[in-house]
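The values are calculated or read from the model by the stated rules, or taken from the named source; none is laboratory data. Please read these numbers as outputs of a predicted model, since none were measured by experiment. For neighbour counting, all protein chains shown are included, and Cβ atoms are generated from backbone atoms with ideal geometry for every residue, glycine included.
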Amino acid sequence: MKKTLLALALVASLASIAPIAANATQANGIGYTYVQLDYAYVGSHYRENQQDGGILSGSWQFADNFHVFGSYADFSAQHYSLSNKPWTLGLGFASAIGSRVDWVSRLAYSHDGVHADVCADFNCTTSYRAHANANTYFATTGVMGRVTDDLTLNAYLGYHDGDHDAQGFYADFGAVYSFSPVWALHGGLTVNNNSSQTYSVGVRASF
């Protein structure tokens, strides 16, 4: 069932770019080669899901329309002795659909290693370190546009499917304000269907 849903998300993502891919030969002047460092906070109705930490990410554009991207994060729970260090690797396709707008579709794989201190007795006088792994696949599609020469916005809709019945849709919004051809500020918001939201702010260096 999971593989079927992921396949459907992939087909929908590819179908969305099919009408414009034939006429597009290069990206729309929006850069996809950069290194970025963010602080991120995960808010949720569930205390065990509230986390914060840092994310190091980057992207490299090749063959006009394509780019590879990846990230590594280090998160800690705010109310429990729990940490996780997910990393992500993916492939993206960007095609110009206007003088300032790209249509962007991405596929990615993420691996998450979770560590937690678990009580060994009722009073928690002793504890042990537990470890678990999770693998997740993502398919995302949406638009990225230059509102001004210095401000770029994006809005994506995605579907994720992973271990432990972790699946569903999410929306990803971002803004990049450039102070120079290299340096910019970044802000992001990801809204998941599991009642969690990820807020991020950081600095980007483009090349």
Any residue at all in region 181-202 that is closer than 16 Å to TYR32 by Cα and modelled with pLDDT under 95? yes
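Each row is one residue, and each column tells you yes or no for (1) farther than 23 Å from TYR109 by Cβ; (2) outside any loop (DSSP other than H, G, I, E, B); (3) without any contact (Cβ under 8 Å) to a residue 24 or more places away in the chain.
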position	(1), (2), (3)
ALA134	no, yes, no
ALA139	no, yes, no
GLY145	yes, yes, no
LEU157	no, yes, yes
ALA171	no, yes, yes
GLY188	no, yes, no
VAL191	no, yes, yes
VAL201	yes, yes, no
Tally of residues being of a type in the set (D, E, K, R) and at pLDDT 95 or above across region 151-173: 1
Taking only pairs six or more apart or across chains, which ones have beta-carbon atoms under 9 Å, a first residue in region 41-54 that is surrounded by fewer than 16 Cβ atoms within 10 Å (Cβ to Cβ), and a second residue that is modelled with pLDDT of 70 or more and assigned to a loop (DSSP other than H, G, I, E, B)? TYR41/GLN50; GLY43/GLN50; SER44/GLN50; SER44/ASN194; SER44/SER195; HIS45/SER195; TYR46/ASN194; TYR46/SER195
So in region 179-207, with the set limited to residues that are small (Gly, Ala, Ser) and loosely packed, with under 13 Cβ neighbours inside 10 Å, which one is farthest from SER57 (Cα to Cα)? SER195
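Given the criterion surrounded by 16 or more Cβ atoms within 10 Å (Cβ to Cβ), part of a strand (DSSP E or B) and at pLDDT below 90, identify the matching residue among VAL118, VAL114, VAL176.
Residue meeting the stated conditions: VAL114.
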Those residues of region 59-93 which are in contact with a helix residue (DSSP H, G or I) (Cβ under 7 Å, 6 or more places away or on another chain) and assigned to a strand (DSSP E or B) amount to ALA77, PHE93
Search result, residues across region 155-207 that are farther than 22 Å from GLY92 by Cα and among the acidic types (Asp, Glu): ASP163, ASP165
For residues that are among the β-branched types (Val, Ile, Thr) and farther than 16 Å from LEU185 by Cβ, scanning just region 140-170, find the one that is farthest from the chain's Cα centre (by Cα). VAL143
Report yes if some residue within region 59-82 is at pLDDT 90 or above, among the aliphatic types (A, V, I, L, M), more than 23 Å from THR198 (Cα to Cα) and more than 21 Å from the chain's Cα centre (by Cα); otherwise report no. no
